[in-house]
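The values are calculated or read from the model by the stated rules, or taken from the named source; none is laboratory data. What you see is a predicted model; the values in this text were computed from it and never measured. All Cβ positions, glycine included, derive from the backbone under ideal geometry; neighbour counts span all protein chains shown. To get the accessible areas, we keep the full protein, side chains included, count just its heavy atoms, and leave off ligands, DNA and RNA. Shrake-Rupley method; radii C 1.70, N 1.55, O 1.52, S 1.80 Å.
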Amino acid sequence: MKVFVVLVVVAAVIAMTNAEERVRRATSDLLTIHDASVSLEASALDNRYKIAALEVSVQLAASQDDVSNLADDISTLRSTLATKGSRATFDVLNGASQSAHEGVQVALNDITTAAADIPAANLEVNMVVSQVSAVHALFEFTGNRVDAVESNLETILSQSKSIESDSRIILSTQGANIINNYNDLVAKASLLDATIGDFDFDGYLTLTTALWKQGLYNPQRPVYRYNVFSQYSQNSGGWYADNNAELYGGVRPSEWTGSSTADKVSPNKDVQRSFFIFRGYGGWNTNVWSEEWYSYSSTNSRSVVAMFRVRNTLDADITWSVNWYYSSYGGWGDYASVAINGALDWNSAGTNCGTCNIQRSLTVPKSRISTIIFVSGSGPPSGSSRSLLLVFHNNSLRLPNGLEFVDDIDYVTGDDWTT
């Protein structure tokens, strides 16, 4: 390809050079013809006037000779008359005078004719001059066109030389890169071919089908992360894990049983990974947790938290209507609540119930992934037992068009609610 481009450019340069030389020669020949036409014009004009003047001169000379001869005759006659003075002499003289008069008239007519010929000759000369001037103008127009063609050829030649120079630069600077890239692509293609040759497509299809059915590749199937935990150790008489908030979603164990709500969860993804450790899959209705457990004191409680990651694929906010059952005991600070992207949407406050129902319309922001967290605290005691409940129903987990579940908490990063 490189050699082809160079040959094409060189051929173009040679062709342009030959054309330029031919134009220069044609221009030289036209200039020579032009000079000759100018000389011819001057010569023709001069010769024409010389011919006319010569003809007039000849005619005038003849007339002058006749008049001179006539004068001589008259002089002779006058002499004879003076000498002899006879009638016969008078008749001779009268006849001679008549002849002389006629001769003079002829001479005058000749001179008049000669004078009349001069404008005609001048007109013919003017016609010749006009024709020569027209030829001269034609040569000048042709010369101008030749100059324009020569200028255009010089421009094209200059451009072709520039293209040749650019081509050489491109070939010298990019040629090696193109060859290297081509060789790299060939190597990668060979590797890909070898890899595909050993690839188990049937096994891959079986695996991806299974993952789809489990919700990993199916954004419409409900997937969530959750945890169920207590806060206080009756045996040792202290809060779990030294009351460390980092291990409990950014909220201290003592705070979870002290009226804390879903909006208090840390946005830090490492903290969330440490807290929402269980993965759950469900249907449009999902029982996240239903339990009756024994309580030994008001200090300790039991909570369930569930986190959904939901993507809004549209450029407009979407309302998600959610209906669920929960448990809570406001008297001991075990609240139920829901928050979206760190903003509290609802909490149970002082409600005391072992199985209560709530419906909320959550606004899911456009063009992003949102984090939605649900919390249920334990219900009021009945003897030594308490209930813990978080159940979605009324097909609440069947997302509206434009929303889809995302399970990315294993690898997503960031420490705010924008990720």
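Quick notes on this structure:
- Among the residues making up the stretch 226-283, those that are closer than 21 Å to LEU344 by Cα and of a type in the set (S, T, N, Q) are ASN227, SER254, THR257, SER259, SER260, THR261, SER266, ASN268, GLN272.
- Top-ranked residue of the stretch 280-321 - restricted to ones that are in contact with a Lys or Arg (Cβ under 6 Å, 6 or more places away or on another chain) and closer than 21 Å to HIS393 by Cβ, ranked as surrounded by the most Cβ atoms within 10 Å (Cβ to Cβ): MET307
- Residue within the stretch 263-275 that is open to solvent by 40 Å² or more (accessible area, probe 1.4 Å), out of contact with any Pro (no Cβ under 7 Å at 6 or more places or on another chain) and over 28 Å from LEU399 (Cβ atoms) present: no
- The stretch 230-248 residues that are in contact (Cβ under 8 Å) with a residue 12 or more places away in the chain, paired with ones that are part of a loop (DSSP other than H, G, I, E, B) and small (Gly, Ala, Ser) (beta carbon under 7 Å, 6 or more apart): SER230/SER301; GLN231/SER301; GLN234/SER297
- Within the stretch 369-392, the set of residues being in a strand (DSSP E or B), touching a residue at least 40 places away in the same chain (Cβ under 8 Å) and open to solvent by 10 Å² or more (accessible area, probe 1.4 Å) comprises ILE369, SER385, SER387, LEU389, VAL391.
- Test for SER348: is it open to solvent by less than 40 Å² (accessible area, probe 1.4 Å) and touching a Ser or Thr at 6+ places or on another chain (Cβ under 7 Å): yes
- Some residue of the stretch 300-315 being more than 30 Å from ASN401 (Cα to Cα) and charged (D, E, K, R): yes
- Flag for ASN341 being touching a Phe, Trp or Tyr at 6+ places or on another chain (Cβ under 8 Å) and either farther than 29 Å from ARG221 by Cα or open to solvent by 50 Å² or more (accessible area, probe 1.4 Å) (or both): no
- Test result for VAL364, touching a Leu at 6+ places or on another chain (Cβ under 8 Å) and among the β-branched types (Val, Ile, Thr): yes
- Strands (runs of 3 or more DSSP E) within the stretch 283-364 that include 1 or more residues basic (Lys, Arg), in contact (Cβ under 8 Å) with a residue 12 or more places away in the chain and closer than 20 Å to GLN231 by Cα: 302-312
- Selection within the stretch 322-332 - within 14 Å of GLY258 (Cβ to Cβ) and surrounded by fewer than 18 Cβ atoms within 10 Å (Cβ to Cβ): GLY331
- Extreme residue, farthest from ILE318 (Cα to Cα), among residues of the stretch 364-391 that are of a type in the set (A, V, I, L, M, F, W, C) and under 38 Å from the mean Cα position of the chain (by Cα): ILE369
Condition check ((1) within 22 Å of GLY283 (Cα to Cα); (2) under 58 Å from the mean Cα position of the chain (by Cα)) across all residues:
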| site | (1), (2) |
| --- | --- |
| LEU314 | no, yes |
| ASN347 | no, yes |
| THR351 | no, no |
| LEU362 | yes, yes |
| HIS393 | yes, yes |
| LEU403 | yes, yes |
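- Which listed residue, of ARG360, ARG398, is open to solvent by 60 Å² or more (accessible area, probe 1.4 Å) and closer than 17 Å to TYR326 by Cβ: ARG360
- Every residue from the stretch 142-155 that is at pLDDT 70 or above and either open to solvent by less than 60 Å² (accessible area, probe 1.4 Å) or not charged (D, E, K, R) (or both): ASN144, ALA148, SER151, ASN152, THR155
- Residue count for the stretch 220-249, restricted to those that are buried (at least 18 other Cβ atoms within 10 Å of the Cβ) and assigned to a loop (DSSP other than H, G, I, E, B): 4.
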